[in-house]
Amino acid sequence: PASDKLFIHVQNVSSAEIELFNAIGESILKQTIRTNGLSSIDVSALPHGIYFIQLSAENKSVSKKFIRQ
């Protein structure tokens, strides 16, 4: 669960695309992170509920569910 910030740990890439989706699949945030380590996304303005985050880098992607408390 996240209340204010969602922390993302990215290794061995110089940049990655992050996209957040609401529970019905609408894209609500898209940004590029340029780091090799820990990054954070401010989710404090999002309404409480279930969301999905998709991280894409180097022709690979992973999606995870998170809850905004």
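The values are calculated or read from the model by the stated rules, or taken from the named source; none is laboratory data. Quantities reported herein were computed from a predicted structural model and do not represent experimental measurements. We place every Cβ from the backbone using ideal geometry, glycine too, and count neighbours over all the protein chains shown. Just the protein is used for accessible areas: all its heavy atoms, side chains included, with ligands, DNA and RNA removed. Shrake-Rupley method; radii C 1.70, N 1.55, O 1.52, S 1.80 Å.
Confirm whether L20 is without any contact (Cβ under 8 Å) to a residue 24 or more places away in the chain and closer than 15 Å to K64 by Cβ. No, not satisfied. Being surrounded by fewer than 16 Cβ atoms within 10 Å (Cβ to Cβ), among the small types (G, A, S), at pLDDT 95 or above and within 12 Å of the chain's Cα centre (by Cα) is the requirement here; does S44 meet it? Spelling it out, it is not the case that S44 is surrounded by fewer than 16 Cβ atoms within 10 Å (Cβ to Cβ), among the small types (G, A, S), at pLDDT 95 or above and within 12 Å of the chain's Cα centre (by Cα). Contact map, the range 23-40: first residue without any contact (Cβ under 8 Å) to a residue 60 or more places away in the chain and among the polar types (S, T, N, Q), second residue loosely packed, with under 10 Cβ neighbours inside 10 Å and assigned to a strand (DSSP E or B), Cβ cut-off under 8 Å, separation 6 or more or different chains; pairs are S39/F7; S39/H9; S40/F7. If you go through the range 10-21 and keep only what is open to solvent by 60 Å² or more (accessible area, probe 1.4 Å) and farther than 16 Å from S63 by Cβ, you end up with Q11, N12, S14. Screening the range 22-41 for residues that are in contact with a strand residue (DSSP E or B) (Cβ under 6 Å, 6 or more places away or on another chain) and open to solvent by 80 Å² or more (accessible area, probe 1.4 Å) and picking the one that is farthest from P1 (Cα to Cα) gives K30.
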